[in-house]
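Worksheet for the structure shown next.
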Amino acid sequence: MKNVEHIGIAVKNFSEANGLYFRLLGVEPYKTEHVASEGVNTSFFRVGSTKIELLEGLTPDSAISKFIEKRGEGIHHIAFEVDDILAEMARLKSEGFTLLNEQPKKGADNKLVCFVHPKSATGVLIELTQEIK
Ligand SMILES: CC[C@@H](C(=O)O)C(=O)SCCNC(=O)CCNC(=O)[C@H](O)C(C)(C)COP(=O)(O)OP(=O)(O)OC[C@H]1O[C@@H](n2cnc3c(N)ncnc32)[C@H](O)[C@@H]1OP(=O)(O)O
Ligand SMILES: [Co+2]
């Protein structure tokens with residue numbers, strides 16, 4: 001695993017949260033993206049060598065909407081950058097972690113992603129992310 005690629009934050013009101021993070025960080029998001037497969041809108045802010053990803057759920061059954069319903073707004077996941085996502089998935093599986101997808105899937109910002117269940121990782125949802133070259 002390399003650096004923390006991004007921290008995902010679940011928000012209720014996307015435009016208000018984007019304004020708040022603009023005031024907080026002093027930079028505009030470099031990208032906003034609709035990811036239909038996850039039922040979310042996302043925006044990305046650069047912070048030093050990492051990023052903040054704001055996530056708004058678009059349907060009641062999206063992971064973000066369910067998270068906010070149960071736990072309220074806040075940190076939703078931590079994403080680690082990897083060079084070889086298949087190798088890291090195999091390694092984590094062999095270490096006893098529960099993977100939420102058997103194959104990498106297309107995420108936001110030109111990445112392949114895989115999620116690790118929070119119940120197998122001290123209550124923290126982990127995302128592996130590999131750049132698509
Ligand atoms: C935009 C693309 C991508 C990127 O490129 O960056 C993203 O970041 S997408 C982000 C949104 N997508 C996902 O989160 C996909 C992976 N998540 C899941 O598959 C599910 O959310 C889940 C983690 C398996 C939970 O789903 P489910 O079991 O259906 O939900 P429940 O509401 O019933 O929760 C069960 C249990 O788990 C706790 N929980 C849920 N989410 C989290 C979380 N993010 N962090 C910590 N814990 C979480 C939830 O509170 C429940 O706990 P208990 O009440 O104690 O049972
Ligand atoms: Co993410």
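The values are calculated or read from the model by the stated rules, or taken from the named source; none is laboratory data. None of these values were measured; they are calculated from a predicted model. Quick reminder, even Gly has a Cβ in these numbers, built from the backbone with ideal geometry, and neighbours come from all protein chains shown.
At-a-glance table
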item: Per-region count, the range 114-130, residues under 20 Å from THR32 (Cβ atoms) and out of contact with any Lys or Arg (no Cβ under 6 Å at 6 or more places or on another chain); result: 1
item: Criterion: of a type outside the set (Lys, Arg), farther than 30 Å from LEU20 by Cβ, within 16 Å of ligand 2 (Cβ to nearest atom) and at pLDDT 95 or above - qualifying residue of VAL124, VAL113, VAL82; result: VAL82
item: Tabulated pairs, the range 1-20, first over 26 Å from GLN130 (Cα atoms), second within 11 Å of ligand 2 (Cβ to nearest atom) and not in a helix (DSSP H, G or I), C-beta under 9 angstrom, 6+ apart or interchain; result: ALA17/ILE9; ALA17/LEU54
item: Check on ASP109, out of contact with any helix residue (DSSP H, G or I) (no Cβ under 9 Å at 6 or more places or on another chain), more than 9 Å from ligand 1 (Cβ to nearest atom) and either under 24 Å from ASN13 (Cβ atoms) or touching a residue at least 60 places away in the same chain (Cβ under 8 Å) (or both); result: no
item: Residue within the range 13-26 that is over 16 Å from LEU112 (Cα atoms) and assigned to a strand (DSSP E or B) present; result: no
item: Subset of the range 75-87 that is surrounded by fewer than 18 Cβ atoms within 10 Å (Cβ to Cβ), more than 9 Å from ligand 1 (Cβ to nearest atom) and in contact (Cβ under 8 Å) with a residue 12 or more places away in the chain - its residue that is nearest to ALA36 (Cα to Cα); result: ILE78
item: Members of the range 24-39 that are touching a residue at least 40 places away in the same chain (Cβ under 8 Å) and among the aliphatic types (A, V, I, L, M); result: VAL35
item: Within the range 67-124, tally of residues that are in contact with a Phe, Trp or Tyr (Cβ under 6 Å, 6 or more places away or on another chain) and assigned to a strand (DSSP E or B); result: 2
item: Flag for GLU56 being among the charged types (D, E, K, R) and either in a helix (DSSP H, G or I) or within 15 Å of ligand 1 (Cβ to nearest atom) (or both); result: yes
item: Flag if THR50 is in contact (Cβ under 8 Å) with a residue 60 or more places away in the chain, surrounded by 13 or more Cβ atoms within 10 Å (Cβ to Cβ) and within 13 Å of ligand 1 (Cβ to nearest atom); result: no
item: Total residues in the range 59-73, condition more than 9 Å from ligand 1 (Cβ to nearest atom) and in contact (Cβ under 8 Å) with a residue 40 or more places away in the chain; result: 2
item: Single match in PRO104, PRO118 (criterion: at pLDDT 95 or above, within 16 Å of ligand 2 (Cβ to nearest atom), more than 18 Å from ASN3 (Cα to Cα) and surrounded by fewer than 18 Cβ atoms within 10 Å (Cβ to Cβ)); result: PRO118
